[in-house]
Structures are given as C-alpha cells and as structure tokens.
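Input: a single structure, listed below in structure tokens.
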Amino acid sequence: MRYCLLVSCLLPLLAFGGRTVVSLSGPGWTCDGEAVSVPHCWNGIDGADGEPATSVGTNAYDRYGMSISPDTYVRKAAVYTRALPDPTPGRRQFVRFGAVSREATVKINGRLAGTHAGAFTAFTVEATDFLKPSGNTMEVVADNRYNPELAPLSADYTLMGGIYRDVTWIETPEVCIDPVTDGTDGVVLDVNTNGTVVATVRVWGEGDGRKSVSVLRQKFVFRDCRLWSPEEPVLYPIRVEIPSGDAVNLHVGFRTVEFRADGFYLNGVRRKLRGVNRHQDVGAHGWAATPEEDVRDFQLIKELGADAVRLAHYPQSSRVMDLCDNLGLLVWCEEPAINWLSKSAAFKENLLQQSREMVAQHRNHPCIFAWSLFNEIYNSVPPDRKEEGWMEAILAECRNQIRAMDPSRPTVAASDRQPRRQLNALPDQLAFNAYPGWYGDTTMREDLDGWFAASGRAILGIAEYGAGGNPFEHLDPLPSGRLDPGGPLHPEETQVKLHAADYREIVAEPRLWGTFIWAMFDFAADARREGGKNGVNDKGLVTRDRQTKKDAFSFYEANWSALPVLHVCSQRATETTNATCSVVGFSSCGPVTLIVNDRVVGRQVPDEVKVVRWTDVPLAEGENLIVLRAQDGSVVVRRLKRIAATN
Ligand code: ADA
C-alpha cells in the first residue's frame, strides 16, 4: 500500500486560497496579426522542405562570416498577442511558458514583464504588477534568428521558431512557492530508496517584499515502496503544500543510477542500455507537439523494446520527462552545446544559464540518469576555433555547475573526435558518435578499438550510430562499396545492412554501458539535400510523419521486444527487372523457412542478431509470392513482380 506521512511540517488546518492553474494554450492568440492556436511553430513545413524560405528570414552568419545555416527556413522575430484573464485581487499572477524559441520578450499591457534567451527551457514571468482589474493583454515576441551569443550556434536540425510549448496562467496567494527562479516549480526533491523524500521548498514573500526568499523542508516517508525501473515504472504522488495554502503536485520514483568500473547499474543491477535518440520535431507541427503526438512517439519507443532515450540535442519538455517517468525510459538529458562555442562572455553566460535551467527544471524526474555536456564539439568547427582548451574550459564550468547542483547523477557527453583528449576527459562517462560504413569506411569493430585505445577508458557508450534510410528507395543487390551519404540514394536495405553489422559488434562488446540509435524518427534538417527527400535527416527508424516503420525498426523490435517478431524486409520494393532477389528477414520466433511461389527454398536458424538471409533466390516472370514461415506457423509475405528490363 502506498501512503505518505508528513513528518516535519504541520500544515494549518485553515489553508485558504490555494493555487489556480489555467491553461493559456489553444486558440485566442494571434501571430503577426493572424489567428493561431498555441503551442505554435512556424517552421513545421517550411523547416523541412529543403526549399528556400517562403517568406522573410534572416541570413545566419556568425561574426566571422561563417554561414551557420543557409536561409532555407523562416528565421524571424514574430509578435504574438493574447488577452489575459482578470486577476483576483489580493493574489499574485504569473505566466509560465514551457518554451519559446529561441528568444522571448514578454510585455503585459505594453510594459516589459520579462525576457528569456534559450529555446529549450521553461520560464515564468510575474504579471501581478502589470495587470489592470480587466481588459489585460500580453504581447510576446518570439525570435528564432541567429544570435552569436545564444547556444547552440550551429546544428544539424532546423532551429524552429514560435511559442511551441504550453503556456499557463498561475494564481497564488501572496506567500507562494517560487514559480519563477530558473523556470522551476520551486521544489527540489531528494529521494532515497529507503522511502524517504525530503522536499526543499523555496517560498516567496514571507519576509520583506514579494521576492524575499525563505526555505522550508518537508519530509515524506513512503513505507514498502517499490523501486522504479523500465520494467516497473512505479511512481508515487507527492503534494507539497505551504501554510498560505499554495501547493505543488509532483511525483517521485525510487531508484539508484550509478556507473561502476564495468558499466551502468540501475538499482544495483547492471544493464547495458538499449537506447534511441529522439528530436522534438514531430512532423507538420514541427516542435509544437500535441500531447497525443508526444505519447505516440514514446509509446513507439517502448514498442521497439528500448529502455533508454537520448533527448538530442537539448532539454525537451516536462511533459516528455513525465512520459519517460511513466513509461519507464531512462533519459540522457543534454545541454545545447553543439559543434562549437563562442569566446564571448555573453555566450558563456547563456550556455551556463541554459544548463542551470535544464538541471533545475528536470532534476526531480526519476527517468533522468545523466546530464550531457555536449555533442560533437569541434565538428565542422570554424578555423579560428580549433585551438584546444578554451571550449573545454567553458564546458568544464558547465560540468562543475551541474555537479554542484546535482551530485546524484553522472555527466556524459557525445564526442566524435578521438584525438581531443582534453575534451573527452570532461564528462564522467564518455560516449562516441560513429557512422561506420555510412560517413566512413571503417567498421564498428575498428571504431570501438579506436575509441577504447584513444580514450583510455574501461567502459564507453555509443551516443549515435546509424545510417540514412528512405523506405521508398530500394536496391538489390547492394553495391560492395559505400554509397555517397550526401547523394540521392539512401536505400532502405543499406540502413538495415549497416544497423545489423553495427549491432553485431555492439552485442559482442561487454565494455559498452549503453548505445543509442541515431535516430528513432526522421527529423527536420532543412539544409540537407539527399536520399531522395530534401530537408530531412532520414536516419530515423520511423519516417518524420510517423506513418512508416522502416525495416530497421523491425530489426530492433526482433532483438529487443519481449513479443515474438517475424518480419520480411523490402516489402515496399514491389518490382524488379532482376532474375533473382535477396530475401532478408528477422525472427525472434526461432528457425524460419523461405517459400517462394509455394516451393520451399530453405530453412535457416536466425543468427545472433535475429537475421535470416538468402541471396540469389530465383524469381519467376510476373508475380512472385515470397513467404517466411516460422516454426509456430506464423507467416509474413512479400510480393515481388519480375518485369522486363526497358532500355
Ligand atoms: C552528428 C550529429 C547529429 C546528426 C548526425 C547525422 O552525429 O551529432 O546531430 O545530425 O551527425 O545524421 O549526420
């Protein structure tokens, strides 16, 4: 039975006028004069079409004249407006933004109420002093233009603009739980697996002035609590209430995460994380995901059988963290430091601020197992920033700040530069990004050997691996050499081949603490022109519109899911001029028989990564029925028409 006992703080029996939270999301907003519904993002389509921007934008160049991103999507300062509710006299009013990309200026009744710089973290402004009894309006300028003082400076994803997460109106008593500082809800939970939770509550307004701070500690004891894990993501509700009646509802999960000499441990049990990377782009809505779209994404990740997710390359929403808490997904949460940094003091301040907000806002989520310091620093770095040391110094400050705020979690990072020893020494645990056979001619084995030797570490993670895959492009047989990753052809079969080759090495390597597929979903990267579809990074296991699971999805499902999987690849390849074909399948249902046009071709036991594969299978002219049958009688079918070659 779950119950909690409030030990150290006796609440007054007559609490009055608690907190009111009202959603300001939905219709009722305008953006540049047009009626819109918030969350809203103006790059959902334009930011993934690979075409020049459809309307006004700003060229993105840094102060050294480096092109940050071609002007292929709208980068602008847009003005949003909305009416605000009438305030209740004697109470305080706040407006909380889940995120505004990339910079925000908030005015209430024409007066500046607050600003925020950073696309991925929440912020709250106090409205109390700006409000009239009725007829209040709010104006928010959202600006996604390039700013050399704002992290990230460059990235392989579309830096979308808009008020793209939820907005809420909060009313509290005069003495309230601080809803403003660092965009948090004012409560830090220290959770011990013995069932004890200590809540440190920041109270505003008890002393002199509205922002006078006092700190309350409340202790909760849960008896017979069960541990949180991907298999059993048990959560317990907690309500933190202060004598004025203001209150915040939270949840806790009891678990330990730690790295030991030989790997990652959850609740004292070693596990090699099976992870995917996820960007927050959800297709036509861009970054403005609906709750249903977020739920769908994370359910697909669970369906795959993953137990971990890297939220690349920035902190995602509280709703996403709640989902991962609830579904049981261990989260790698990353500050937005990518490719290169700037030497300016303002840039460093901004990165430290975004990093601090990330930890402050999400530290209460049991799903998070590590804070990430960077992704691929020195990738495509401008010539003037190759000098070793100064970017590492900035990232070391971020790391130290994170460690001081949250000693309970390790830091990690994703590196793609083996020789950068100073950089690679920064995180507690290092992971590397590698695309063997896609961007380079190495194998995963060679990459693993190289990284273990260069880093001198006993254990490593792989933060990214994968290959492009267009589920509507097919090639059989595949060429022996490497395809041009920037070329027009990204056949689905190459993606499967490279994932299977990588994964074979991954399962055979005991020194890996976890691996993260790049990526779960295709995502907007408007500068890309490749793979038969411009504007998109197509390394996802699922297409950007979430309509098509690629064969590589079924590969991992066969390897990871607890449910039996039998799959035949290339079902979307329906015609060939060849006299023979390859048949590739995945089976976690034991041996598989291949039957073509009612004739048994052969039987295979799946290999160590659940693959069966036949080459040079003869085809009849016209329609061919290709069947894989498992021992339990289940079958999967592929139809392939052999047609005459035309010159
Ligand atoms: C890098 C980078 C990712 C991703 C990937 C790719 O590894 O970290 O953001 O874009 O390249 O697909 O090339």
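The values are calculated or read from the model by the stated rules, or taken from the named source; none is laboratory data. Remember, it's a predicted structure, so these values are computed and weren't measured experimentally. Quick reminder, even Gly has a Cβ in these numbers, built from the backbone with ideal geometry, and neighbours come from all protein chains shown. All accessible areas refer to the heavy atoms of the entire protein, side chains included, with ligands and DNA or RNA removed. Shrake-Rupley method; radii C 1.70, N 1.55, O 1.52, S 1.80 Å.
Scan segment 480-495 for residues that are part of a loop (DSSP other than H, G, I, E, B) and out of contact with any Pro (no Cβ under 9 Å at 6 or more places or on another chain) and jot them down.
Applying the first criterion (part of a loop (DSSP other than H, G, I, E, B)) to segment 480-495 yields 480-490.
Of everything in segment 480-495, those that are part of a loop (DSSP other than H, G, I, E, B) and out of contact with any Pro (no Cβ under 9 Å at 6 or more places or on another chain) turn out to be SER480, GLY481, ARG482, ASP484, PRO485, GLY486, GLY487, PRO488, LEU489, HIS490.
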- Message: Suppose we filter ALA370, ALA431 for residues that are assigned to a strand (DSSP E or B), away from the ligand (no atom under 16 Å from the Cβ), small (Gly, Ala, Ser) and under 21 Å from THR515 (Cβ atoms); which single one remains?
- Response: ALA370
- Item | segment 396-412 residues that are among the hydrophobic types (A, V, I, L, M, F, W, C), paired with ones that are open to solvent by 40 Å² or more (accessible area, probe 1.4 Å) and part of a loop (DSSP other than H, G, I, E, B) (beta carbon under 8 Å, 6 or more apart) | MET405/ARG363; VAL412/ASP428
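Filter segment 168-196 down to the residues that are among the hydrophobic types (A, V, I, L, M, F, W, C), open to solvent by less than 40 Å² (accessible area, probe 1.4 Å), more than 25 Å from ALA104 (Cβ to Cβ) and more than 24 Å from the chain's Cα centre (by Cα) and list them by number.
Let us first name the residues in segment 168-196 that are among the hydrophobic types (A, V, I, L, M, F, W, C), namely 169-170, 175-177, 180, 187-189, 191.
Narrowing the set further to residues that are open to solvent by less than 40 Å² (accessible area, probe 1.4 Å) leaves 169-170, 175-177, 180, 187, 189.
With more than 25 Å from ALA104 (Cβ to Cβ) added as a condition, the list becomes 175, 189.
Within segment 168-196, just VAL175 meets the criteria.
So, in segment 373-390, of the ones that are within 16 Å of the ligand (Cβ to nearest atom) and open to solvent by less than 20 Å² (accessible area, probe 1.4 Å), which residue ends up nearest to GLY186 (Cα to Cα)? Can you show your working first?
Going residue by residue through segment 373-390, those that are within 16 Å of the ligand (Cβ to nearest atom) are 373-381.
From the residues that got through so far, the ones that are open to solvent by less than 20 Å² (accessible area, probe 1.4 Å) too are 373-375, 377-378, 381.
On the way: LEU373: 24, PHE374: 27, ASN375: 30, ILE377: 33, TYR378: 37, VAL381: 39 Å.
Across segment 373-390, the extreme among qualifying residues is LEU373.
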- Query: In segment 264-275, which residue that is within 23 Å of the chain's Cα centre (by Cα) and in a strand (DSSP E or B) is nearest to CYS324 (Cα to Cα)?
  - Reply: GLY275
- Scanning segment 459-478 residue by residue, those closer than 25 Å to ARG529 by Cβ and surrounded by 22 or more Cβ atoms within 10 Å (Cβ to Cβ) turn out to be GLU464, TYR465, GLY466, ALA467, GLY468, GLY469, ASN470, PRO471
- Task: Please enumerate the residues belonging to segment 297-312 that are among the hydrophobic types (A, V, I, L, M, F, W, C), farther than 14 Å from PHE120 by Cβ and not in a helix (DSSP H, G or I).
- Result: ALA306, ALA308, VAL309
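Can you say whether LEU311 is in contact with a Lys or Arg (Cβ under 9 Å, 6 or more places away or on another chain) and within 16 Å of the ligand (Cβ to nearest atom), as far as the supplied structure shows?
Spelling it out, LEU311 is indeed in contact with a Lys or Arg (Cβ under 9 Å, 6 or more places away or on another chain) and within 16 Å of the ligand (Cβ to nearest atom).
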- From VAL592, VAL609, grab the single residue that is of a type outside the set (S, T, N, Q) and closer than 19 Å to ALA467 by Cα. VAL609
- Message: Among the residues of segment 403-415, are any open to solvent by less than 10 Å² (accessible area, probe 1.4 Å), away from the ligand (no atom under 16 Å from the Cβ), outside any helix (DSSP H, G or I) and under 21 Å from TRP228 (Cβ atoms)?
- Response: yes
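Being within 16 Å of the ligand (Cβ to nearest atom) and out of contact with any Gly (no Cβ under 6 Å at 6 or more places or on another chain) is the filter here; which residues of segment 461-481 pass it? Give the derivation first.
Step one: of segment 461-481, the residues within 16 Å of the ligand (Cβ to nearest atom) are 461-470.
Once the filter is applied, which keeps residues that are within 16 Å of the ligand (Cβ to nearest atom) and out of contact with any Gly (no Cβ under 6 Å at 6 or more places or on another chain), segment 461-481 yields ILE462, ALA463, GLU464, TYR465, GLY466, ALA467, GLY469.
Check segment 276-289 and report whether any residue there is more than 16 Å from the ligand (Cβ to nearest atom), in a loop (DSSP other than H, G, I, E, B) and under 24 Å from ASN559 (Cα atoms). Full working, then the answer.
Residues of segment 276-289 that are more than 16 Å from the ligand (Cβ to nearest atom), as a first pass: 282-286, 288-289.
Applying the additional criterion that residues be in a loop (DSSP other than H, G, I, E, B) yields 282-286, 288-289.
Subset that is under 24 Å from ASN559 (Cα atoms): none.
Looking for residues that are more than 16 Å from the ligand (Cβ to nearest atom), in a loop (DSSP other than H, G, I, E, B) and under 24 Å from ASN559 (Cα atoms), one finds none in segment 276-289, hence no.
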- Lone qualifier among ALA519, ALA552, ALA527 - being within 11 Å of the ligand (Cβ to nearest atom) and in contact with a Leu (Cβ under 8 Å, 6 or more places away or on another chain): ALA519
- Query: Looking only at segment 321-347, which residues are surrounded by fewer than 19 Cβ atoms within 10 Å (Cβ to Cβ) and in a helix (DSSP H, G or I)?
  - Reply: ASP322, ASN326, LEU327, ALA345, ALA346, PHE347
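Is it fair to say VAL252 is outside the structural domain of ALA519 (by TED's automatic domain parsing), over 25 Å from GLY461 (Cβ atoms), touching a Gly at 6+ places or on another chain (Cβ under 8 Å) and not small (Gly, Ala, Ser)?
Values: outside the structural domain of ALA519 (by TED's automatic domain parsing): yes; over 25 Å from GLY461 (Cβ atoms): yes; touching a Gly at 6+ places or on another chain (Cβ under 8 Å): no; not small (Gly, Ala, Ser): yes.
When the stated conditions are applied, VAL252 does not pass them.
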- List the number of the failed condition for TYR265; all other conditions in (1) among the aromatic types (Phe, Trp, Tyr); (2) surrounded by fewer than 17 Cβ atoms within 10 Å (Cβ to Cβ); (3) in contact with a Cys (Cβ under 7 Å, 6 or more places away or on another chain) hold. (3)
- Just to be sure, is THR515 modelled with pLDDT of 95 or more and open to solvent by 10 Å² or more (accessible area, probe 1.4 Å)? no
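Taking ASP294, is it open to solvent by 30 Å² or more (accessible area, probe 1.4 Å), of a type in the set (D, E, K, R) and either within 30 Å of ARG255 (Cβ to Cβ) or assigned to a helix (DSSP H, G or I) (or both)?
On the way: open to solvent by 30 Å² or more (accessible area, probe 1.4 Å): no; of a type in the set (D, E, K, R): yes; either within 30 Å of ARG255 (Cβ to Cβ) or assigned to a helix (DSSP H, G or I) (or both): yes.
So ASP294 fails the test.
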- Tally the residues that are surrounded by fewer than 19 Cβ atoms within 10 Å (Cβ to Cβ) and within 24 Å of the chain's Cα centre (by Cα), restricting the search to segment 430-458. 1
- Message: Between LYS497, LYS539, LYS533, which is modelled with pLDDT under 95 and in the same structural domain as GLY437 (by TED's automatic domain parsing)?
- Response: LYS533
- Task: Return yes when ALA501 is part of a helix (DSSP H, G or I) and open to solvent by 10 Å² or more (accessible area, probe 1.4 Å) and no when it is not.
- Result: yes
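Any idea which residue in segment 532-547 is nearest to the ligand (Cβ to nearest atom), counting only those that are assigned to a loop (DSSP other than H, G, I, E, B) and open to solvent by 20 Å² or more (accessible area, probe 1.4 Å)? Can you show your working first?
Quick first cut of segment 532-547, residues assigned to a loop (DSSP other than H, G, I, E, B) only: 532, 538-541, 543-547.
Now narrow it down to the ones that are open to solvent by 20 Å² or more (accessible area, probe 1.4 Å): 532, 544-547.
Working: GLY532: 16, ARG544: 13, ASP545: 19, ARG546: 19, GLN547: 21 Å.
Selected residue: ARG544.
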- Among the candidates ILE242, ILE238, single out the residue that is in contact with a His (Cβ under 9 Å, 6 or more places away or on another chain), among the hydrophobic types (A, V, I, L, M, F, W, C) and surrounded by 20 or more Cβ atoms within 10 Å (Cβ to Cβ). ILE238
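Looking at segment 549-577, which of its residues are open to solvent by less than 50 Å² (accessible area, probe 1.4 Å) and polar (S, T, N, Q)?
Residues of segment 549-577 open to solvent by less than 50 Å² (accessible area, probe 1.4 Å): 550-561, 565-570, 573, 576.
Correct list: SER554, ASN559, SER561, SER570, THR576.
Looking only at residues in segment 124-167 that are among the charged types (D, E, K, R) and over 19 Å from VAL282 (Cα atoms), which one is farthest from the chain's Cα centre (by Cα)? Lay out the reasoning, then the answer.
Of all residues in segment 124-167, those among the charged types (D, E, K, R) come to 126, 129, 132, 139, 143, 145, 149, 156, 165-166.
Those left that are additionally over 19 Å from VAL282 (Cα atoms): 126, 129, 132, 139, 143, 145, 149.
Details: GLU126: 29, ASP129: 37, LYS132: 40, GLU139: 29, ASP143: 22, ARG145: 22, GLU149: 24 Å.
The selected residue is LYS132.
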- Note on the structure: For segment 131-156 the number of residues that are open to solvent by 40 Å² or more (accessible area, probe 1.4 Å) and within 16 Å of the ligand (Cβ to nearest atom) is 1
- Do any residues in segment 498-510 that are under 14 Å from LYS272 (Cα atoms) have Cβ atoms under 7 Å from those of residues that are among the charged types (D, E, K, R) and open to solvent by 10 Å² or more (accessible area, probe 1.4 Å), where the two are at least six apart or on different chains, and which pairs are they? GLU505/ARG445; VAL507/GLU608
